[in-house]
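Following: one structure in structure tokens, then a few remarks.
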Amino acid sequence: MQVVRIYSGDDGESHFEEIDLPYEAISGAERTALQSASSIHFRRYQPGNFLDFHVAPRRQYVITLAGQAEIGLGDGTKRIFNAGDVLLADDLTGRGHTTAAVGDSPRVSIAIPLED
């Protein structure tokens, strides 16, 4: 399963990398390895909402359920996340990233904080 990870580099900036969560066979199906999570919450941002540079408050998966988000990095790189896209927010230090709700419909996402 493809996941985009955003992480803090040694340069104090956030960076993207694509990671693959491998599937394992179980009872006629497949799943990724279990990970411990502490809670879950949903968020809704109206189109045009913009969060300036910030770091992730904790390691967490953020899954876009509806709408679109544009995540920006300090070097000007931007990525669009659509419904079904999975982001592992892991940039806990440094300048962080920006988040914008783009398009003409609200962006709805689910955040799943991970336990270490």
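Values quoted throughout were computed directly from the atomic coordinates according to the rules given, and no laboratory measurement underlies them. Treat the numbers as computed from the prediction; the structure is a model and nothing was measured. All Cβ positions, even for glycine, are placed from backbone atoms using ideal geometry, and neighbour counts span all protein chains on display.
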Item checked: Label zone at Asp11 (point 7 Å along Cα-to-Cβ), backbone N below 14 Å, the stretch 62-81 -> 73-78
Item checked: Spin-label pair Glu18/Val3, simplified geometry with 7 Å Cα→Cβ offset, distance in nm -> 1.6
Item checked: Where a label projected 7 Å from the Cα of His54 along Cα→Cβ would reach, residues of the stretch 93-116 with amide N under 12 Å -> 97-101
Next item on the list: Towards the positive end of the charge dipole of the chain, with charges on Cβ (+1 Lys, Arg; -1 Asp, Glu), say which of Gly74, Phe53, Gly9 has the farthest Cα.
Entry: Phe53
Next item on the list: Taking 7 Å along the Cα-to-C-beta vector as the label spot, tell me the Asp75-His41 distance in nanometres, rounded to one decimal.
Entry: 3.2
Note to self: If I build a Gaussian network model for the chain, linking alpha-carbon pairs within less than 10 angstrom, which residue out of Gln46, Gln60, Gln35 has the largest mean-square fluctuation?
What the structure shows: Gln35
Next item on the list: Please identify, among Glu18, Glu30, Glu70, the residue showing maximal mean-square fluctuation in a Gaussian network model of the chain using a 10 angstrom Cα cutoff.
Entry: Glu30
Margin query: Students often get this wrong, so try it: which of [x] 1.04; [y] 1.09; [z] 1.54 is Cα Rg over 2.2 N^0.38 Å as calculated from the structure shown?
Written below: [y]
Check: In debye, nearest 20: dipole of the stretch 2-113 around its Cα centre with unit charges on the Cβ of K, R (+) and D, E (-)?
Finding: 520
